[in-house]
Amino acid sequence: MKNTTLSILFILALAFSGCGAPRSGLQAEQPPVERSSFSLFPKFVEVESLTPTLRWQTIGQVLMEKEERRIDLATLSDITYELRIWETATEYSGDLVYSRTGLKRPFHMVEEALAPGQKYLWTVRAHFLLNGKKRMSEWGLTGYLLQDEPVPNPACFRFKTPDR
């Protein structure tokens, strides 16, 4: 209980101090992550289509940012990405409506039209070999506070579809 209270106070202090938002895993590039002042979670950014193109960092970018020692990117191989999208009414969880595995590039155009005027949570992770060993990244999230929680959760990336 004491640790939980301290964690919540720390998170609130970060949010209200204007410090940069914590994050984990591959980060969304499109649609962009936008936050309101004093918000722990991002806004639902409106996309232009019911079949939006989602774009994220490559695993190479993330490994180079995270590692204190340099990684030889030539030791990375068999990189694929796994994408999940949930339709949500609560803004914190939802029903899985779209999933793809084995994506070869760090972007994907949704192949099935999503519902108009709906809010969605999404995330992505990488599967790869590093020095011949199977690895998997964390799910991409906009906050650390829920990184040990299953997805979906409030720290997932967010978008909303147009009303058409």
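A short reminder: the numbers here are calculations on the coordinates, not readings from a lab. Since the model is a prediction, treat every value here as computed from it, not as a measurement. All Cβ positions, even for glycine, are placed from backbone atoms using ideal geometry, and neighbour counts span all protein chains on display.
Starting from the Cα gyration tensor of the range 22-86, take the square roots of the eigenvalues, sort them a ≥ b ≥ c, and report rounded, prolate or oblate (rounded when a/c is under 1.5, otherwise prolate if a/b is larger than b/c, else oblate). Oblate, since a/c reaches 1.5 and b/c is not below a/b. Placing a pseudo-label 7 Å from each Cα along the Cα-to-Cβ vector at E111 and F38 gives an inter-label distance of 4.5 nm.
How much of the pair distance distribution for the range 23-160 lies past 24 Å, counting alpha-carbon pairs only, in percent? Percent of Cα pairs beyond 24 Å in the range 23-160: 28. Checking every one of the GluC sites (Glu not before Pro) in the range 90-151 against DSSP loop status and a limit of 13 other Cβ atoms within 10 Å picks out E91, E111, E112.
Note on D163/M136: beta-carbon distance plugged into 1/(1 + (r/R0)^6) with R0 of 45 Å gives a FRET efficiency of 0.75.
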